[in-house]
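Comments concern the structure below.
The values are calculated or read from the model by the stated rules, or taken from the named source; none is laboratory data. Remember, it's a predicted structure, so these values are computed and weren't measured experimentally. Virtual Cβ from ideal backbone geometry, glycine too; neighbours counted across all protein chains shown.
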Amino acid sequence: MQLAQFSARTRVSGAAPATVRADDLAGFRALVSSSFVPLDVTAERSDAFTARLCTAGADGIAFTEVAAKPHLVERTPATIESGGSGQYKVSLLLSGSSILVQDGKELVMRPGDLSIYDTSRPYSLLFTEEFRNLIVMFPKDRLELPGPDAQQLTAESLGAEHPGLGAVLTAFLSQFPEQLTDLGPRVQTKLAHTSLDLIGTLLSTILGADPAQQDPHQVLLRRIHEYIDDHLASPDLSPGGVAAAHYISKRHLHALFHETGMTVSTWVRERRLERCRQDLLDPRFEDRPVSAIAARWGLMDAAHFSRVFKETFGVSPTEFRRLAGESRDGRFLG
C-alpha cells in the first residue's frame, strides 16, 4: 500500500509523470488520499475494481488524470479533520459522467465540462460509469479571487458560464499530464503557471472580479506566503521577522493566519516539509544525507525533522526516499 501511495505523489515537483495502477478498491482509496487529500471512496462492485492515475506537476500545482470504474468519492468532516484543507481542485471530465455536490448545489458533468471544488468543505463526486477525469489541484491562495465570492463557483459548470474562455482552458488542460513527459522542469513550471493563470482568468471573469477591489487582507496574506517561501531556508525565519518585513505587528500577522485556520508556525513547517519531500524525490540529491536536506530548508534538528516528517507522510524520510527510488526505477509502476 505504501508503494502505491508514494508512486502517486512523486511528480509534483517538475519531473516526468508517474503512472500507477490499483487493482482493488482499498488500493485506489490509498492512492487518491495520498495523491490529493484524505477522502472516503466506496463502490458497488469493489470485487472487480481497477483504476489508473497519471500525475505530473510543478511548483505545488498538480495535474492528475484518473481513469477508473464507477465509484463514489466523499470529502467528509472526518477526512477534512485529517488534513488537506486550503486547496482548490479544478476538474475536467474527459469521458464518462459524474455528479458533483458541494455547498448545497449539484452539478451533472459530461465530457468537456469544467468544475471547481474546495477541499476545505465537504463534497461528493459520484461516477456512474467508467470515466477519465483530469484534476488540477493547487493551494487556494495561488488564485487572486475575492474569498466570499469564490464559493459561488463550486459545483457550477464553468465552461457554461463563459464558453469562450472555457474552451481555451479545456483545450489547454486536456494536454496534461502525459504530454509533459518530454519537457524539462523549467518548461513544465512555466506551463503549470500558465494553467493557473488561465484558471484564474476564467474564474475572475465569471465573478466579474476587479483586481483593484480585492480584499487587502488577502493581498497582504499572499505577499506574506511568498515571503515565507522565499525565506524557508533560513533557520531564523520566525513570526516576528515575517511581521517586521511587512510592517505589521505579530498580533496582526497571527490574526491573518487565524482566518485561514492555520498558524504561522504550522504554515512554515508544512512548506518546509514539502520542500524536503521534493528534494528526497529528486535523484540529484540521492547522495545527500537526509539531515542535510532538512538543514537546507531550515530544519536543523534532524530527530525532530524525522518525527514530524513521519507524522505528515506516514513513513520516515529515509523510507520515503527508498520508496521514491524504487518507483523511479520502474519496479512498482504500472
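Quick notes
- Residue 308 vs. criteria touching a residue at least 24 places away in the same chain (Cβ under 8 Å), β-branched (Val, Ile, Thr), outside any loop (DSSP other than H, G, I, E, B) and under 22 Å from residue 139 (Cβ atoms): yes
- Members of region 271-293 that are polar (S, T, N, Q) and closer than 20 Å to residue 326 by Cα: 278
- Restricted to region 68-108, and to residues there that are outside any helix (DSSP H, G or I) and free of Cβ contacts under 8 Å to residues at least 40 places away in the same chain, the residue that is surrounded by the most Cβ atoms within 10 Å (Cβ to Cβ) is 98.
To keep it simple, each residue is scored yes or no on (1) among the β-branched types (Val, Ile, Thr); (2) more than 19 Å from residue 84 (Cβ to Cβ); (3) at pLDDT 90 or above.
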residue	(1), (2), (3)
2	no, no, no
8	no, no, no
14	no, yes, no
17	no, yes, no
35	no, no, no
38	no, no, yes
41	yes, no, yes
47	no, yes, no
51	no, yes, yes
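- Count of residues meeting criterion [closer than 22 Å to residue 142 by Cβ and either in a strand (DSSP E or B) or outside the structural domain of residue 29 (by TED's automatic domain parsing) (or both)] in region 109-119: 5
- Scanning region 216-244 for residues that are over 21 Å from residue 274 (Cβ atoms), loosely packed, with under 14 Cβ neighbours inside 10 Å and hydrophobic (A, V, I, L, M, F, W, C) turns up 219, 244.
- Search result, residues across region 143-173 that are at pLDDT 85 or above and either in a loop (DSSP other than H, G, I, E, B) or under 18 Å from the mean Cα position of the chain (by Cα) (or both): 154, 155, 156, 157, 173
- Put simply, of 203, 253 the only residue that is in the same structural domain as residue 119 (by TED's automatic domain parsing) and either touching a residue at least 24 places away in the same chain (Cβ under 8 Å) or surrounded by 14 or more Cβ atoms within 10 Å (Cβ to Cβ) (or both) is 203.
- Here residue 298 meets the list (1) modelled with pLDDT under 90; (2) surrounded by 16 or more Cβ atoms within 10 Å (Cβ to Cβ) almost entirely, failing just condition (1).
- Residue in region 280-297 that is assigned to a loop (DSSP other than H, G, I, E, B) and under 21 Å from residue 236 (Cα atoms) present: yes
- Per the listing 44, 106, 74, 65, the residue uniquely of a type in the set (Asp, Glu) and touching a helix residue (DSSP H, G or I) at 6+ places or on another chain (Cβ under 9 Å) is 65.
- Of the criteria (1) outside any loop (DSSP other than H, G, I, E, B); (2) acidic (Asp, Glu); (3) more than 24 Å from residue 217 (Cβ to Cβ), which one residue 236 fails: (1)
- Residues satisfying the stated conditions in region 99-133, i.e. among the basic types (Lys, Arg) and in contact with a strand residue (DSSP E or B) (Cβ under 9 Å, 6 or more places away or on another chain): 110, 121, 132
- Against the list (1) free of Cβ contacts under 8 Å to residues at least 12 places away in the same chain; (2) farther than 27 Å from residue 58 by Cβ; (3) of a type outside the set (A, V, I, L, M, F, W, C); (4) part of a helix (DSSP H, G or I), the condition residue 266 fails is (2).
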